[in-house]
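Each reported figure results from applying straightforward, stated rules to the coordinates on display, with no laboratory input. None of these values were measured; they are calculated from a predicted model. Positions of Cβ are generated from backbone atoms using ideal geometry, with glycine treated the same way; all protein chains shown enter the neighbour counts.
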Amino acid sequence: MVQFQVLLFAAARDAIGSDSIEIELALPNSAGEVMRVIANEYPALATLIPSCRLAVNQVYVTRDFSIADAAELAIIPPVSGG
Amino acid sequence: MVQFQVLLFAAARDAIGSDSIEIELALPNSAGEVMRVIANEYPALATLIPSCRLAVNQVYVTRDFSIADAAELAIIPPVSGG
Amino acid sequence: MNTFLPPRIHVEISHEPIDRTRVEEFIDDPDVGAHLWFEGVTRRMTAGQETVRLCYEAFEPMAKQTLGEIAVQTLDEFQLTALVVVHRLGWVPVGEASLLVGCSSTHRAAAIESLAKFINRLKTDVPIWKKEYFADGSSSWVHPT
Amino acid sequence: MNTFLPPRIHVEISHEPIDRTRVEEFIDDPDVGAHLWFEGVTRRMTAGQETVRLCYEAFEPMAKQTLGEIAVQTLDEFQLTALVVVHRLGWVPVGEASLLVGCSSTHRAAAIESLAKFINRLKTDVPIWKKEYFADGSSSWVHPT
């Protein structure tokens, strides 16, 4: 099991009250599984997670993306720049 | 027969060397006929006239527009503002 | 003779360089989220020929009237909150603006689309002509393509 | 980490008010005829509620990276000669700009179309969020519609 820090922003950060959370994952693992683990371990994020994207090392990944090494993870809620 | 002043601009003015010409017309008469008279009486304009529009009192008219009274006429070559 | 122009439309034909800061107030509005500006500038190279300057002339009263009409039409069609247009006449050196159009709207997409349409209408119907003077000493009236 | 940005692209994330005059030089070019500017401004009224101010936050390094990528993509796709984008973060009061995009092109239609597409991409993919603070004391994260 490898420990990951997951960055939180905007509504996700407000829901948890912190700008990051920690999760443990067996590797390799898919981005979709990461999202499922986060929703399970942090119920305050469960309703938000389905509308969020995951960024791995600051790049959006799809749910079948395989995470094989330590990486910077970030939960990206629906963006509203402009 | 009524005498009309016809304003000229851009390439039309350069072709004649003056910013207006005079023509005589029986009234009522169509805009298309006005253009034909101008091309006949001012051969220097003949090649340009087919690409020009006629403005009557500063409004574009189609060739079947009927001119019944004295009016300000203007030959409008293809425009290139902007 | 002039069409009645609603207060949020400003139409200007100018023989001086265009000063955008002077007309920005017509677009500023705290209730409107999208502000858009277009500047048409005399460019140096056209089809391999070097332009030194352009000279614009207009049938001025009709040009101003027509600009006002297409401004009203575009404002109505796209529900803009304001539209400003300034067209310069006379000599316009390379790098200087001959045309400034500004508009504002609560809807960004409408503002952008309206700008394209307004400029197309201007280039089709407003009696303004430009003559191009080239570095080799030649000159010619520009014909729309 | 950053994508290589060609010299005609300028991407900026700023915690200060946006000063357009400071970035105009990136767009000025005597060989380019069409200059276009978009400003997105905090508006007072949204769906009947009075906004007092917005607060923007970003995942800054990823936001800058993503802005650079869509700038390069848009510049290439529309053959622009320059593209400038400045996004402001933090508090933005009503009437002040949160976003400035400028572009230039020899082709007006391409410049206008590129601006619409660039802003759409920005609103879809750049990790920036805004929270709206209303006159009645309430606040909420804005969700795209």
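Over every Cα atom in chain B, the radius of gyration and the widest Cα-Cα span, Dmax, amount to 11.7, 40 Å. Taken along the Cα-to-beta-carbon direction at a fixed 7 Å, the label points for residue C:133 and residue B:27 span 4.2 nm. Extending 7 Å from the Cα toward the beta-carbon at both residue A:14 and residue C:55 defines two label points whose distance is 6.3 nm. Each 5 Å bin from zero holds the following percent of Cα-Cα pairs in the stretch C:31-96: 4, 13, 18, 18, 17, 14, 11, 5, 1, 0. Using the Karplus relation 6.51 cos²θ - 1.76 cosθ + 1.60 with θ = phi - 60°, the per-residue 3J(HN,Hα) values for the stretch D:80-85 come to 6, 9, 7, 8, 10, 9 Hz, with x marking Gly and Pro.
Note on the stretch D:56-142: Cα-only Rg and Dmax are 14.7, 48 Å.
Placing unit charges on the Cβ atoms of the charged side chains and taking the dipole of the protein assembly as shown about its Cα centre, the candidate lying farthest along the positive direction among C:80, C:133, C:93 is C:80. Which FRET efficiency value, to the nearest 0.05, is calculated for residue B:60 and residue B:36 with the Förster distance at 30 angstrom and r the Cβ-Cβ distance? For residue B:60 and residue B:36, the calculated efficiency is 0.95.
Going by how many other beta carbons lie within 10 Å of each one, how would you line up D:103, B:52, fewest first? If you can, show how the numbers build up before the last one.
On the way: D:103 30, B:52 21.
Arranged by neighbour count, lowest to highest, D:103, B:52 become B:52, D:103.
Comparing D:47, D:111, D:71 in a Gaussian network model of chain D, where Cα atoms under 10 Å apart are tied by springs, the biggest mean-square fluctuation is seen for D:47. Between A:55, A:46, A:26, the Gaussian network model of chain A with springs among Cα atoms under 10 angstrom shows the greatest mean-square fluctuation at A:26. Label positions at residue C:47 and residue D:79, each projected 7 Å from the Cα along the C-beta direction, are separated by 1.5 nm.
Compute the length gained on full extension between residue D:14 and residue D:143: take 0.36 nm times their separation in residues and subtract their Cα-Cα distance, giving the result in nm to one decimal. Can you show the working numbers first?
Working: separation 129, 0.36 × 129 = 46.44 nm, distance 2.23 nm.
Contour length minus the Cα-Cα distance gives 44.2 nm.
Among C:17, C:127, C:30, the largest mean-square fluctuation in a Gaussian network model of chain C, built with springs joining Cα atoms closer than 10 Å, belongs to C:30.
If we count other beta carbons within 10 Å of each Cβ, what is the order of D:129, D:91, fewest first? Could the numbers behind the result be given before it?
Numbers: D:129 26, D:91 15.
By the 10 Å Cβ count, ascending, the order reads D:91, D:129.
In a shell of Cβ-Cβ distance under 15 Å around residue A:38, excluding residue A:38 itself, what net charge do Lys and Arg (+1) and Asp and Glu (-1) give?
Values: positive: A:13, A:36, A:53, A:63; negative: A:19, A:22, A:24, A:33, A:41, A:72.
My count for the surroundings of residue A:38 gives -2.
Inside 10 Å of the C-beta atoms of C:104-112, what's the mean count of C-beta atoms belonging to other chains? Walk me through the intermediate numbers first.
Values: counts 2, 0, 3, 0, 9, 3, 0, 3, 8.
That works out to 3 on average.
Kindly put D:133, B:42, D:56 in sequence by how many other C-beta atoms sit within 10 Å of each C-beta, fewest to most.
Numbers: D:133 15, B:42 19, D:56 24.
Final ranking by Cβ density, sparse to dense: D:133, B:42, D:56.
Our coupling estimate for the stretch A:75-81, obtained by passing each phi through the Karplus curve with A = 6.51, B = -1.76, C = 1.60 and θ = phi - 60°, is 8, 10, x, x, 7, 8, x Hz, Gly and Pro reported as x.
Please find the FRET efficiency linking residue A:47 to residue B:69, where r is the Cβ-Cβ separation and R0 is fixed at 56 Å, and quote it to the nearest 0.05.
Values: r = 75 Å, r/R0 = 1.34.
Efficiency, rounded to the nearest 0.05: 0.15.
Normalised by 2.2 N^0.38 Å, where N is the number of residues, the C-alpha radius of gyration of the protein assembly as shown stands at 1.25. Only alpha carbons enter this Debye calculation for chain C, each as an equal point scatterer, and the log10 of I(q)/I(0) it gives at q = 0.11 Å⁻¹ is -0.42. Helix-only arithmetic for the protein assembly as shown: the sum of -39500 (n - 2.57) across DSSP H runs with n ≥ 4, divided by the residue total, places the mean residue ellipticity at 222 nm at -8000 deg cm²/dmol.
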